[in-house]
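To start, the structure under review is shown below, and the notes come after it.
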Amino acid sequence: MAVTPATSRLIDPAVLARFGSLELVARAVVDGVLNGMHRSPDFGFSQEFEEYRAYNEGDDPRHVDWNVYARTDRAFIKRFSGDTNTTLTVVIDSSASMNFASGGLTKFDYARYLAAALFWLARKQRDALALVVFNDAVTDVFPPSTRPDAFQRVLALLQRAECGAKTDMPAAIKQLVPHSQRRGILLFLSDFYTDHATLETALAPLVAHGQEIAFVQVVDPEERAPVLQEVTALRGLESGRQIEVSPEYVSGEYRERFAAHGQAISELAVKTGADYVQAVTSEPVDQLILKYLDYRRRSGAGRR
Amino acid sequence: MSLLSPLFLLGAGLLIVPWVLHLLRQRNAPVQDFPSTRFLEHSDAASSKSKKLSYKKLLLLRLLLLLALCFVFAQPVIRTVSDWMGSARQHHIIVLDQTFSMQASGRWQAATDAVESLLSAIPDAHPVQLFGWTGALVPLHDSLQDRSAVQQALASAQAGYTQGDFGTLMRRLNIASADISLPVNAYLVSDMQASAMPPRLNDLLAPSIAALQLIAVGNSDAENRWVNARVRSLSNDSFAIAATLVGPPETDSTGTSATLLLDGRTVQTVPFTVQPGTTTQSAEFDPLVWPVAGDIDVYDVAIEPQDALPADDVRSVAVGADEQVRVLLTGSDLDANSRSLRFLQTALLTDDRNTVERDERLTGQPIGDFDVSVVHIDQPTSGDVLPALSQAVNSYRLAGGHVLAVIGRAGDYLVDVTVPAARIGTVDSTHPMRLDANGWRSVTVYRDVPVALPSSTSLATGGADQFRVLVATEAGSPVLIEQSAGQAAGKLLWLTLPLDGDASDLPLSPAFVPWLHSVVDYMVRYDQYPQRSTVGDTLQLRGNTQIFDPEGQAMLGVSASANGSTVSLSRPGVYQIQDRSGLQAVTVLTSAAESNLTVASPTLLTNWTEGIQASTDPNAVSTVAGQSGATGGQSSSAATDASATEARGTLVNLSRWVLLLCALLAILEICYANSLLWVRRSAS
């Protein structure tokens, strides 16, 4: 029997771009993710009973054990193992640099597809969904919610988000801190063109609050390894500045500098106890999610 | 390929302009968006700028475009025989020269090889006609599309003995091409003989022909000699044959001899010698005996060794017993007319067939056994001499004798008139003597000549004589009159001018000797067939006549022989005609013009083809084939030249095609440059 490689089920990002609807994108990606799993991920929904706890305002009434309420006249929530009931907060960078595309898909589009797919997975295990869009400041916020329409609303917000000004990630994080009182997963989708030290300082309150942080560095293939045929003036999308560079430079020193940039983010992630994944826009989204989930399983994240 | 205006290629220097522009363009680097300039540093790339050109494909397109434009102005032309550019169909007419000169060694083989090369070069889809040129344009096959028929016709074609001139050829070719809808490409495969050229270049034009290619297969250094032979009567019993060698003046004839053959057997061999005081080389054979009456002996005179054209190295001579014409010069006062008699006798003896006797016949004795009598009639000096002479002449004429009467001073039996000083104005061109061809119109009467016209009493036959004025002056005075007196009587001509050289220039003019010969022929041989003719002439035979070719084969069937027919004299030699009056020989000769193998100059051929070019489509330029290097007996050299004809041919101007290429390149350049511009705009 022929074995079909896992990558054959993956969906090319350019194909995802034709879907138009983020919900369809998310569903397609998650289907690919679930089909590619060898066993149920941590995000999988479990029906094994774990405990009762008192009902608090804001809990989903569907989880109230009405039998206990009939006998005791008190409302208890029935909890199961695997039902972490955490909050997935996607912090997505909408700066001008994210609007770059060497192919048909911009980095921002890729980040949106990735966020939509993760929101789909989170909704399946009834996690609260939250979205923060920022560039030099926070431009849109969707607070954590487990409401049934949270998924559609967060996708709508993602859909209308547009790339704008320069990146100021530390400033955006400072604005984000008051909205992150609830523990959960903070997933940063950005190219991280920011000062690393300042970023580390800005992240400190979140780390101290016990947030589980993940860095996804969205990178365009041409950005990572540009190829020029001649001396070319490269114009920065955020600064508008033009710099003439030679093919020799971009194929040599630039790549070293960019690799060092990725390495610095990775080291920052280690310092802050965050996960780090580099997402190349030519890579299938579902493959990236699989890689990320596998990374979380091996690193023991999610069981902390 | 060649260029009509090669100086325009200097414009190719403009190619440096786009080259420099593309180099300068390199100084402005293309702009491209990039996510962040955080890790970028300005590169010092001056060295790489100087090495590389930007937009190489675009530069290549532009260079090609400029180069093509230069070629458009330089007007490239290509020479081809075949259907150039493989485009429109053309009608190809190949004319193969089959005249006598093509029998010269090497020429015919070279010509057929050249035609075969042409046939292989012409596309199969094009109609081809092969004509033979024998003095007439003769189609050699029927089907225009069947190349095998053309090949068979070529294989069976042979060079003939006829004469042709290119003026007539081009007129016929123009007529043959007039009704052809396709453009006509004509090819003339010929030795381009100089003697076949018409006197006027305009005679060589043929507006119906789109292009003419001359393929010369004649060698310019070919020399040829030929022989003429004539019979000279020595007496009533014997004659002699004299041969004359004709050819280029510089020809060395040392060791050349003449051989006389009868029925294929050698009779005598005599070396040619130069006659004292002349450059004529002649040889005279020993006297021979006349054949018996009614019989004809055919002698062949051949020169040895043979040269490039052996067919004209042999001349046939027909000798018959009744060849001689006896002429009597008589008159009433021969002493007074001595100058006239001298002129007449000299002119008559230029024809070897004539024998002349002088006799005053003053006593009126019968004229006797003479074919023609030339009678001088003057004012009588004594007694009744004139009436006696008149009676003798009348008797002679009524017995069938022919008389040319030359009138001197008037007598009382003549009607007095005066012929005023004037030029000849009227010549009867319908008379069998062909007076218009004899140059009579150039004769001038110097002074008023009082002469007498024949009256009814003069030399009258007693019947209803009729007078016909054959020649008259501009004032209308009769000069030559024919008096007819029924079929039984002999012919009588009156010349009203004295032949003393004072009254007119007739005896001194070029018209005199031919006219006198035509008088004798008209009087004696009027009912006979011509004794000499040229190959290609036709002969109208009367009924109950048979003609035998030089091989002795009868040429007419029973019906044609009984009813009369027209036969073509297609080869040299002696044709013999048998009718009720006996046997007569017609000696058919090849044209001396065809024996002259000198070829036309390249300048003349150039003028010919340039004339065709000017009279037809300017795009169908013609050219002149160079002279073939074929020499006598070197057929391989001729074949080489024939194959070389493929390199000659119609010049086709390629400017329009290069212009089309320019347009195509321009469109490509625009599209490609626009695509680059679009990329740049998108990037910006």
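The values are calculated or read from the model by the stated rules, or taken from the named source; none is laboratory data. No experiment lies behind these values; they were computed from the predicted model shown. Because the Cβ atoms are built from the backbone with ideal geometry, glycine has one as well, and the counts that use them run over all protein chains shown. Keep in mind that these areas ignore ligands, DNA and RNA; they rest on the heavy atoms of the full protein, side chains included. Shrake-Rupley method; radii C 1.70, N 1.55, O 1.52, S 1.80 Å.
If the requirement is being of a type in the set (A, V, I, L, M) and part of a helix (DSSP H, G or I), which of these qualifies: B:144, B:119? Walk me through how you get there before you give the answer.
Working: B:144 fails: part of a helix (DSSP H, G or I).
Exactly one residue qualifies, and that residue is B:119.
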Look through B:201, B:214 and report the one residue that is touching a Phe, Trp or Tyr at 6+ places or on another chain (Cβ under 9 Å), at pLDDT below 85, under 19 Å from residue B:608 (Cβ atoms) and not polar (S, T, N, Q). B:201
Okay, helices (runs of 4 or more DSSP H) sitting entirely in segment A:208-294 with 1 or more residues that are closer than 25 Å to residue A:196 by Cα and open to solvent by 50 Å² or more (accessible area, probe 1.4 Å), I get A:221-224, A:253-271
Is one or more of the residues making up segment A:99-111 in the same structural domain as residue A:203 (by TED's automatic domain parsing), of a type outside the set (Val, Ile, Thr), surrounded by 21 or more Cβ atoms within 10 Å (Cβ to Cβ) and under 19 Å from residue A:205 (Cα atoms)? no
Residue A:262 versus (1) out of contact with any Gly (no Cβ under 8 Å at 6 or more places or on another chain); (2) farther than 16 Å from residue A:188 by Cα; (3) within 13 Å of chain B (Cβ to nearest Cβ): which is the lone unmet condition? (2)
Counting only residues that are open to solvent by 50 Å² or more (accessible area, probe 1.4 Å) and among the small types (Gly, Ala, Ser), how many does segment B:563-591 have? 3
Tell me yes or no: at least one residue of segment B:505-514 is open to solvent by less than 40 Å² (accessible area, probe 1.4 Å) and of a type in the set (Asp, Glu). yes
Kindly provide the set of residues from segment B:226-272 that are more than 20 Å from residue B:588 (Cα to Cα), at pLDDT 85 or above and open to solvent by 70 Å² or more (accessible area, probe 1.4 Å), ordered by number. B:265, B:266, B:269, B:271
Across (1) at pLDDT 90 or above; (2) more than 14 Å from every other protein chain (Cβ to nearest Cβ); (3) not in a strand (DSSP E or B), residue A:91 clears everything bar (3)
If you go through B:43, B:36, B:48, the only one that is modelled with pLDDT under 85, at the interface with chain A (Cβ under 8 Å from one of its Cβ atoms) and either part of a helix (DSSP H, G or I) or farther than 14 Å from residue A:249 by Cβ (or both) is B:48
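Starting from residues that are of a type in the set (S, T, N, Q) and closer than 19 Å to residue B:483 by Cα, keep the ones in segment B:375-433 and report whichever is modelled with the lowest pLDDT.
Residue satisfying both the conditions and the ranking: B:390.
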For segment B:210-296, list the strands (runs of 3 or more DSSP E) that sit wholly inside it and hold at least 2 residues that are under 30 Å from residue B:112 (Cα atoms); which are they? B:211-216, B:226-233
What residue, of A:296, A:235, is farther than 30 Å from residue A:116 by Cβ and not aliphatic (A, V, I, L, M)? A:235
Output for segment B:515-530, where each listed residue is buried (at least 16 other Cβ atoms within 10 Å of the Cβ) and part of a loop (DSSP other than H, G, I, E, B): B:529
Residues that are open to solvent by less than 60 Å² (accessible area, probe 1.4 Å) and at pLDDT 90 or above, drawn from segment B:138-148: B:138, B:140
Number of the condition not met by residue A:71 [criteria: (1) of a type in the set (D, E, K, R); (2) assigned to a strand (DSSP E or B); (3) at pLDDT 85 or above]: (2)
Restricting attention to segment B:607-614, does a residue exist that is at pLDDT 70 or above, within 28 Å of the chain's Cα centre (by Cα) and closer than 30 Å to residue B:296 by Cα? no
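Listed here are the residues, each with its yes/no results for (1) part of a loop (DSSP other than H, G, I, E, B); (2) modelled with pLDDT of 85 or more; (3) among the aromatic types (Phe, Trp, Tyr); (4) over 24 Å from residue B:102 (Cβ atoms).
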position: B:544; (1), (2), (3), (4): yes, yes, no, yes
position: B:547; (1), (2), (3), (4): no, yes, no, yes
position: B:556; (1), (2), (3), (4): yes, yes, no, yes
position: B:570; (1), (2), (3), (4): yes, yes, no, no
position: B:576; (1), (2), (3), (4): no, yes, no, yes
position: B:583; (1), (2), (3), (4): no, no, no, yes
position: B:586; (1), (2), (3), (4): no, yes, no, yes
position: B:593; (1), (2), (3), (4): no, yes, no, no
position: B:603; (1), (2), (3), (4): no, yes, no, no
Hey, residue A:128 crowded, with 22+ Cβ neighbours inside 10 Å and assigned by TED's automatic domain parsing to the domain that holds residue A:169 or not: no
Is there any pair linking a residue in segment B:535-555 that is free of Cβ contacts under 8 Å to residues at least 24 places away in the same chain to one that is not in a strand (DSSP E or B), with Cβ under 8 Å and at least six apart or on different chains, and which? B:543/B:562; B:543/B:563; B:543/B:564; B:554/B:561; B:555/B:549
Tell me, please, whether a residue that is in contact with a Pro (Cβ under 8 Å, 6 or more places away or on another chain), open to solvent by 10 Å² or more (accessible area, probe 1.4 Å) and not aromatic (Phe, Trp, Tyr) can be found in segment A:75-95. yes
Return only the number of the condition from (1) part of a helix (DSSP H, G or I); (2) out of contact with any Ser or Thr (no Cβ under 9 Å at 6 or more places or on another chain) that residue B:311 does not satisfy. (2)
Only residues that are touching a Pro at 6+ places or on another chain (Cβ under 9 Å) and either facing chain B (nearest Cβ under 7 Å) or of a type in the set (Asp, Glu) (or both): list them for segment A:223-239, please. A:223, A:230, A:231, A:232, A:233, A:234, A:236, A:237, A:238
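Return yes when residue A:170 is in contact with a Ser or Thr (Cβ under 8 Å, 6 or more places away or on another chain), under 30 Å from residue B:38 (Cβ atoms) and not in a loop (DSSP other than H, G, I, E, B) and no when it is not.
Working: in contact with a Ser or Thr (Cβ under 8 Å, 6 or more places away or on another chain): yes; under 30 Å from residue B:38 (Cβ atoms): yes; not in a loop (DSSP other than H, G, I, E, B): yes.
Taking the combined requirement at face value, the residue satisfies it.
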